[in-house]
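Working notes, structure below.
Derivation of every value follows stated rules applied to the coordinates shown; laboratory data play no part. From a predicted model like this one, the values you see are computed outputs, not experimental measurements. Heads up, the Cβs are rebuilt from the backbone with ideal geometry, glycines too, and the neighbour counts pull from every protein chain shown.
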Amino acid sequence: MANIVVYVEQSGGAPRSASLQCIGAALSTGHSVLAVTSGDGADRAAAALGKYGATKAVALVGNAPWSPDAIARDIAKVVTDNGAKAFIAAATTTGKDVAPRVAALLDCPILTDITALSAQGEAFTASRPWLAGKAIATLTSSASVFCATTRPNVFAAVEANQTCEVVTAQASSDGKAIVTSVAAKAGAKLDVKEASVIISGGRGLKGPEHFHLIEELADAFGSAATGASRAVVDAGWRPHAEQVGQTGKTVSPKLYIAVGISGAIQHLAGMRTSKVIVAINKDPDAPIFKVADYGIVGDAFEVVPALTAAVKAARQH
Amino acid sequence: MKIVACIKRVPATEAQVKVAADGRKLDAAGWQYMASFYDEIAVEEAIKTKEKLGGDVTVLTLGPSEAAKEVREFLARGADTGAILKDADPSARDPRATAKILAAKVKSLGADVVFVGRVATDHDNAAVGQMMATYLGWACVSEVVALDLGAGKGVAKRETEHGVETVEFTLPAVLTCNKGLNEPRRASLKGIMAVKSKTIAEESFENVPNQIAVVKVELPPARKAGRIVGEGAAAVPALIDALRNEAKVL
Ligand SMILES: Cc1cc2nc3c(=O)[nH]c(=O)nc-3n(C[C@H](O)[C@H](O)[C@H](O)COP(=O)(O)OP(=O)(O)OC[C@H]3O[C@@H](n4cnc5c(N)ncnc54)[C@H](O)[C@@H]3O)c2cc1C
Ligand SMILES: Nc1ncnc2c1ncn2[C@@H]1O[C@H](COP(=O)(O)O)[C@@H](O)[C@H]1O
């Protein structure tokens, strides 16, 4: 059994769920997990990781401001010092930023946003989407360290009763790029990449003033994210962080509800791996119905408020 | 200021996908190509930087001779020089190989700043920019949506799940460009005429072998046929029932 180093993001000592899924993915290969945490609360987060199957955790402590190049160096050092055979992080905005740098420091390629992972001994095989999911490639690596990021919501976190040895190390502080401030998002909304339910709106909503219908339906589900088609992002109705599709975000939630979205090939590429797809569209021939598990043909302005009320009622029982 | 914008020629987003006979690549028959969507934003930022701070813009691609078409388009928009590192099938390269080959060229150009796309919309690596910067030992900010470059340093903004980060960095740097950073301009007729007969230099490079191999390529599993549960608001109870009792997601 070899070590897989997993970078675990945390906030205030609570590990992020996408990172716990990443530990789950690593453990599924039969190897053991050496977790790395950083930032304020790194030590508390590290101490919690035995519950999710880590055998060792390195908490990088210190008051250094966040720097992607400095953290990458610290992680690469943990990988090298421990002779790890693989390095994995979650494909969040942080993981996507940092993991390729770690790979380059190790002089290894990286497989980003993987959706399947297995190993025979120390030979790793992973699958990842090409062309935003129009095709799936299965790949092997002959690199000295297998590096990858895992797509959120694809792998399952495990619950374990592992004793986890926690060590602390000093985080380095001489970054070439340094985050000097973070403006918190208004309403602390969930990002589409991590949400398990996404409600997306398209041009069928006729104008930005009607997107409260989408937001209210998202609220009815408790913690759903709101998404959008490119047409409405380009029109300035919605922020581009919400765009789903080949030139936006690729998502795989448990439930994806498309409202007033026609289902262009570039949109489908970004959401067709969702577990359950619901389409609401007034045109029975809209291509979105070809990928939908359940469809309602009708006017969004009529159907969505009724659905919002019904979801609220259903969730109370 | 020596400015470089890296672009990759990728299949147009309308491309329909078929697996090739060997099961290890995609059948490119009938495909149209384009510069990757985010590379347009990278080139625009490069030209804007030149307009603000002076200098010249090189459009660099590792790709086939046919990429001259995309390079020429960017010259028409205002870039100064094009360079093709001639590679018949750049999509067959892993991101490490691509980053190392591009980094070597960027270094020989003596660049101060390199703009790349957030992701190339073929293999969706979203890795080459960060890796290139790491090999060069430079600063890198990924997924940039706002930028202010000055002498020897800059400030960028990027969007994350927890909010908008402000990042200060030193030059030289690699910046990976996200949608929202700018609106790419169109080429003027004058620009198009001026570059029409321009040949784009093709260069060779020291090869970096791949460390990733393709086992197989497949189409995603077809979704099982769905159904229309009904019309209008009257169909809502049937949908709730299906979500709760069949799909078990409610
Ligand atoms: C290079 C490139 C990249 C692209 N990348 C993306 C991408 O990443 N993501 C993306 O989404 N698109 C992308 N596109 C755009 C894509 O081709 C489509 O133009 C876009 O997805 C259409 O958005 P839409 O479905 O909201 O609008 P439309 O296609 O206009 O569809 C609106 C739908 O709403 C329905 N409708 C109208 N009124 C109502 C009503 N009252 N109630 C219910 N339904 C109603 C209509 O029947 C129609 O089906 C890209 C295109 C290109 C060229
Ligand atoms: N073959 C290539 N030639 C030039 N630039 C490239 C090449 N591959 C990737 N890039 C640049 O790196 C960015 C990210 O690519 P990728 O990491 O492959 O998603 C692209 O948007 C380009 O700017």
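Worth a mention:
- Straight-distance crosslink candidates among lysines, where the alpha carbon sits under 23 Å from A:LYS254 and sequence neighbours closer than 8 are dropped: A:LYS96, A:LYS134, A:LYS189, A:LYS193, A:LYS275, A:LYS290, A:LYS312, B:LYS224, B:LYS248
- With contacts taken as Cα pairs under 8 Å at a separation of at least 6 residues, chain B carries a relative contact order of 23 percent.
- Evaluated over the Cα positions of the range B:1-79, the convex hull gives a direction-averaged projected area, one quarter of its surface, of 5.8 nm².
- Where N is the number of residues in the range B:117-249, Cα Rg divided by 2.2 N^0.38 Å: 1.70
- Taking 0.36 nm per residue of separation and subtracting the Cα-Cα distance, full extension of the segment from A:GLU209 to A:ASP107 would add 31.7 nm.
- The value of relative contact order for the range A:72-219, using C-alpha pairs under 8 Å at least six residues apart, is 21 percent.
- Residues with amide H under 5 Å from that of A:LEU111, placed H, sequence gap 5 or more: A:CYS147, A:ALA148, A:THR149
- The alpha-carbon atoms of the range A:211-285 define a convex hull whose volume equals 95 cubic angstrom per residue.
- Order of A:ASP113, B:ASP80, B:ASP112 - criterion: other Cβ atoms within 10 Å of each residue's Cβ, fewest first: B:ASP80, B:ASP112, A:ASP113
- Pairs of alpha carbons in the range A:21-96 whose separation is greater than 20 Å (percent): 29 percent
- Phi angles of the range B:212-224 translate, via the Karplus equation with coefficients 6.51, -1.76, 1.60 and θ = phi - 60°, into HN-Hα couplings of 10, 10, 7, 7, 7, 10, 10, 7, x, x, 4, 6, 6 Hz per residue; Gly and Pro are given as x.
- Separation between Cα centres of the range A:85-128 and the range B:23-49, rounded to whole Å: 24 Å
- For A:LYS77, the lysines whose Cα comes closer than 16 Å to its Cα, not counting residues fewer than 8 places off in the same chain, are A:LYS56, A:LYS85.
- Per-residue ellipticity at 222 nm computed for the protein assembly as shown from its helices equals -7500 deg cm²/dmol, with DSSP H segments shorter than 4 residues left out and the rest contributing -39,500 (n - 2.57).
- The alpha-carbon atoms of chain A, seen along their principal axes, cover 60, 42, 39 angstrom, with the largest extent given first.
- 3J(HN,Hα) along the range A:280-292: 10, 7, 7, 9, x, 9, 4, x, 4, 5, 5, 9, 7 Hz, from the Karplus curve 6.51 cos²θ - 1.76 cosθ + 1.60 with θ = phi - 60°, whole Hz, x for Gly and Pro.
- As a rough footprinting exposure proxy, the listed residues B:MET132, B:MET34, A:MET1 were ranked by other beta carbons within 10 Å of their own, and the order from fewest upward is A:MET1, B:MET34, B:MET132.
- The range A:12-78-the range A:194-272 distance, computed between alpha-carbon centres (Å): 32 Å
- Whole-Hz couplings from phi, Karplus 6.51/-1.76/1.60, listed for the range A:103-111; x for Gly and Pro: 4, 5, 4, 8, 6, 10, x, 10, 9
- Magnitude of the charge dipole, the range A:185-248, Cβ model with Lys/Arg +1 and Asp/Glu -1, debye to 20: 180 debye
- Between the C-alpha center of the range B:85-146 and that of the range B:148-225 there is a gap of 8 Å.
- Residue with peak Gaussian network fluctuation, chain A [Cα springs, cutoff 10 Å], from A:ALA225, A:ALA116, A:ALA25: A:ALA116
- Around the amide H of A:ALA86, modelled in the peptide plane, lie the amide H atoms of A:VAL5, A:PHE146, all under 5 Å away and 5 or more residues distant in sequence or on another chain.
- Equivalent ellipsoid semi-axes - Cα gyration tensor, chain B, angstrom: 37, 24, 19
- An oblate overall shape is assigned to the range A:62-130, the ratio a/c of its alpha-carbon gyration tensor axes (a ≥ b ≥ c) being 1.5 or greater and a/b not exceeding b/c.
- Contour excess over end-to-end distance, with Cα ends at B:ALA12 and B:SER65 and 0.36 nm allotted per residue: 17.3 nm
- Of B:LYS69/B:LYS196; B:LYS2/B:LYS105; A:LYS176/B:LYS153, pairs whose Cα-Cα distance is over 18 Å: none
- If both residues of a DSSP beta bridge must be in chain A, then about 20% of such bridges are antiparallel.
- Gyration tensor (alpha-carbon) shape descriptor, the range A:1-158, a/c threshold 1.5: rounded
- Selected from A:LEU34, B:SER197, B:TYR38, residue furthest toward positive end of dipole (the protein assembly as shown; charges at beta carbon): B:SER197
- Amide H partners (placed H, <5 Å) of A:GLN10, local residues excluded: A:ARG16, A:SER38
- Evaluated at q = 0.09, 0.11 Å⁻¹, a Debye calculation over the C-alpha positions of the protein assembly as shown (equal weights, vacuum) places log10 I(q)/I(0) at -0.68, -1.03.
- Orientation-averaged projected area, Cα convex hull of the range B:27-117 (nm²): 6.1 nm²
- For B:ALA151 and A:ALA183, the FRET efficiency from 1/(1 + (r/R0)^6), where r spans their Cβ atoms and R0 equals 35 Å, is about 0.85.
- In summary, the aspartates and glutamates within cross-link reach of A:LYS206, defined as a Cα separation below 13 angstrom excluding same-chain residues under 8 places away, comprise A:ASP299.
- Under a Gaussian network description of chain A, with springs only between Cα atoms under 10 Å, the residue in A:THR37, A:THR168, A:THR226 that fluctuates furthest is A:THR168.
- Here the relative contact order of chain A, from alpha carbon pairs under 8 Å that lie six or more residues apart, stands at 15 percent.
- Difference of contour (0.36 nm per residue) and Cα-Cα distance, B:PHE205 to B:GLN32: 59.6 nm
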